[in-house]
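Input: a single structure, listed below in C-alpha cells.
Only the coordinates and a few stated rules stand behind these numbers; no lab work does. Being a predicted model, the structure only gives us computed values, none of them experimental.
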C-alpha cells in the first residue's frame, strides 16, 4: 500500500488557534478537502461556531475559518492506511511544525480533533521539533467513527474551547 499525503495547512499569518486532525480520510483525499465525509461533524460544528456552514462552498468555509483566526492542518504529512480509520494508520511521518509555528507566531492554542491527532503529535512532534510555548487540548473527534458521543455534547466541548 502506498503512502498517502495530507493537505497543505489552511491558515492566515495572524491565526491564533490551530486545529489538528491526524490524516484526511478517503473521502477527503478523493475530494481534496478537509473533512469531506458527509457524516463528519466538523463543518457542522464550525458552522455553529464561526459561520463555516456545511452548505457553503469549500473555499467559503475555509475563508470563515481563517477570518476567525483559526488555522487547520493535520499532524501527519504522510502515512500508510488502508481504510479511513485512524486505528489503521502506520508508517507515520509528521509535518514540519517548527516552520509552521515560526510563520504563525500568534498561535497560542492547539486543539486536537480526537485522540489519534494528539497521540501522533506527542509521539512524532513534541520533544522532536522546536516549538514555541503553546496550550494543547484534545477535543472530541468529529469523525463519524466516534459515534459514542452525541453531537450536542461534541458541539458543547468545541464551543467551550474555541470561544475561550
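Which of these, 121, 97, 42, has the largest mean-square fluctuation under a Gaussian network model of the chain (Cα springs below 10 Å)? Result: 97 has the largest fluctuation of those listed.
Suppose a student asked you for the relative contact order of the chain, using Cα pairs under 8 Å spaced at least 6 residues apart; what percent would you report?
Numbers: 282 pairs, mean separation 47.6, N = 164.
Taking the mean separation of contacting Cα pairs over the length of the chain, I get 29 percent.
Spatial offset of the stretch 7-63 relative to the stretch 86-145 amounts to 16 Å, using the alpha carbon center of each. Note on the chain: GNM, Cα springs under 10 Å; of 23, 46, 149, the largest mean-square fluctuation is that of 149. Of the residues 96, 153, 74, the one that moves most in a GNM of the chain with alpha-carbon contacts below 10 Å is 153.
Nearest-5 percent of antiparallel DSSP beta bridges in the stretch 4-162?
Percent antiparallel among DSSP bridges in the stretch 4-162 is about 30.
Considering helices alone, the calculated mean residue ellipticity of the chain at 222 nm is -9500 deg cm²/dmol, with DSSP H runs of length four and up weighted by -39500 (n - 2.57) and normalised per residue. Working from Cα pairs under 8 Å separated by at least six residues, relative contact order for the stretch 9-106 is 38 percent. When P(r) over Cα pairs in 5 Å bins from 0, in percent is computed from the coordinates, the matching label among (1) 1, 8, 13, 15, 14, 12, 9, 7, 6, 5, 4, 3, 2, 1, 0, 0, 0, 0; (2) 2, 8, 15, 17, 16, 13, 11, 9, 5, 3, 1, 0, 0; (3) 2, 9, 19, 24, 22, 16, 7, 1, 0 is (3).
Of all beta bridges that DSSP places with both ends in the stretch 74-150, some 35 percent have antiparallel geometry.
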